[in-house]
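What follows is calculated from the coordinates using simple rules that are stated; it is not laboratory data. Everything numeric here is computed off the predicted structure, so don't read it as measured data. Cβ: placed from backbone, ideal geometry, glycine included. Neighbour counts: every protein chain shown.
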Ligand SMILES: Nc1ncnc2c1ncn2[C@@H]1O[C@H](COP(=O)(O)OP(=O)(O)O)[C@@H](O)[C@H]1O
Ligand SMILES: [Mg+2]
């Protein structure tokens, strides 16, 4: 027996003729934060919904918490927490009522739920909004309430589908801070996102998904080591002169990525590369040197930028 | 069983916020209809004909209108609220991420509709009794077929609503389905007055069976078929509607 909470083999999801998830394999271990990175349409949500046992798998195999989602859905869902990509809060109820009713869906008694409501509202910093109707909450508050709701049954595994998409940076920060705490409390997390910086900080391991397939897997630092150089030198040139400048760059870096508005030079040492470029008479209007990130891994693997 | 009650509890919670308005209109609607049609129009009818089927028009109308009111409540509660749970507010989707199944959702919904229809019917009977349109015993007995009628429509309308992408289909359902039934299913006049070809059509509608049974219980007379037949058919409609609704929920929501 492995200690994996989720084991997927050849996991496939088709909608009619369209394959949304194409024979993917992965394992999520107890206590880790596991990320799914990928652009829109990659198949992340379809995968999350299969793990959450709300969407039947088309083929392959999937085991979650040692249970089979196809035959043991209710028992399985009783032990999961889910934050879906689209909010599904009950807008006809108040903040506290949302938690109460959701807890009741799990068959918990009111006496058990009541103290949990207070704890969770504390945890997501919504105590002041206890008796507000949900419509009155901001986007960030709704997301936080959805996270509180997903914790009402004290789940062993928490599945979060783009928990921070569409939020302003401050709201995102609060949310990721809460997730970090949950992870420290030992809750196993599965998170999808297309914010690379956050994934790098939170996830112990992650997979990169593109067009229904997993294209890479590992810890954030492994992925960067495997698929990118240590550093990146970004150069911007005056409008219309990028092509002629690029022609002079050849040989300067291990790999050169040309984006519409800038050029990325992948190199072990950005400063050294910068000096060499300067010696060749290349004069960018702006340049930044930085460490490689998952964004670079993604660009390398898929030829596309993640955040469009 | 326990899990069926979860959706019921949600609806009851939501109702707690709106019950005043809802109870108020449950009083006003029968009052307006019974006074305008039952008493004023009824006076005219009674003068011309000496009553319908051996009773005053008001007494004839009240049980029929009770069944028709139950139909509207059952259909109404199963239309926009069901589509909202699937598409707009998505509360059914939220519930399906918990141990609940589509069957729990539909059964909990219908159990709630039964409660609502019973409440609306009870208020109707109060108003009708106060106006002398029903005896209290007759009225209370007629609540049973009223609830069956409400549920017969609730099942089918839930099924229908769960197929839709927007509210246009529901507007049409009420305009071209529920409204004609309300007018032509023996509520305001006996269906024997309809053109011959329409009579068998009325036999097919759950509302007519509800009206027949409610009238028979309220007035203590024999219905067109036997009471057991009318009740059995209503129960059959409920069963078919419920099965269709659960299957449609599964098809729509578990993908
Ligand atoms: N219910 C559905 N019916 C048909 N196609 C779907 C359905 N759900 C998702 N898809 C398609 O599957 C692909 C993957 O979608 P999704 O899993 O939501 O990706 P992601 O979450 O990575 O953006 C997309 O092309 C999407 O249009
Ligand atoms: Mg998605």
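Can you bin region B:1-58 into rounded, prolate or oblate? Criterion: square roots of the alpha carbon gyration tensor eigenvalues sorted a ≥ b ≥ c, rounded for a/c under 1.5, prolate for a/b above b/c, oblate for the rest. Because a/c hits 1.5 or more and a/b fails to exceed b/c, region B:1-58 counts as oblate.
Shape class for the protein assembly as shown: prolate, because the ratio a/c of the largest to smallest gyration tensor axis (alpha-carbon atoms, square roots of eigenvalues) is 1.5 or more and a/b beats b/c. Largest GNM mean-square fluctuation among B:53, B:161, B:239, using chain B with Cα springs under 10 Å: B:53. Neighbour counts of other Cβ atoms within 10 Å put B:20, B:247, A:144, B:215 in the fewest-to-most order B:20, B:247, A:144, B:215. Could you give the angle, 0 to 90 degrees to the nearest 10, between helix A:95-105's Cα long axis and the longest principal axis of the Cα atoms of chain A? Result, in degrees: 70.
Taking the C-alpha atoms only, the angle from helix B:227-253 to the longest principal axis of chain B is near 30 degrees.
Compared with the direct C-alpha span, the chain from residue B:228 to residue B:136 gains 30.9 nm at full extension, assuming 0.36 nm per residue. Taking 8 Å as the Cα distance limit and 6 or more residues as the minimum spacing, I'd like the relative contact order of region A:128-226 as a percentage. The normalised contact order for region A:128-226 reaches 21 percent. Under the simplified labelling scheme, the residue A:173-residue A:244 pair shows an inter-label distance of 4.4 nm, with each label point 7 Å from Cα along Cα→Cβ. Using C-alpha pairs below 8 Å separated by at least 6 residues, the relative contact order for chain B is 27 percent.
Taking other C-beta atoms within 10 Å as the exposure proxy, A:183, B:163 rank B:163, A:183 from fewest upward. Computed on region A:167-222, with alpha-carbon pairs under 8 angstrom and 6+ residues apart, the relative contact order is 22 percent. Computed on the Cα trace of chain A, the radius of gyration divided by the Kirkwood hydrodynamic radius gives Rg/Rh = 1.05.
Here the spin labels are modelled as points 7 Å beyond Cα on the Cα-Cβ line, and at residue A:85 and residue B:176 they lie 3.5 nm apart.
Note on residue B:2 and residue A:40: the model spin-label points, each 7 Å out from Cα along the C-beta direction, lie 4.3 nm apart. For chain A, the longest principal axis of the Cα atoms and the long axis of helix A:169-184 meet at an angle of about 70 degrees.
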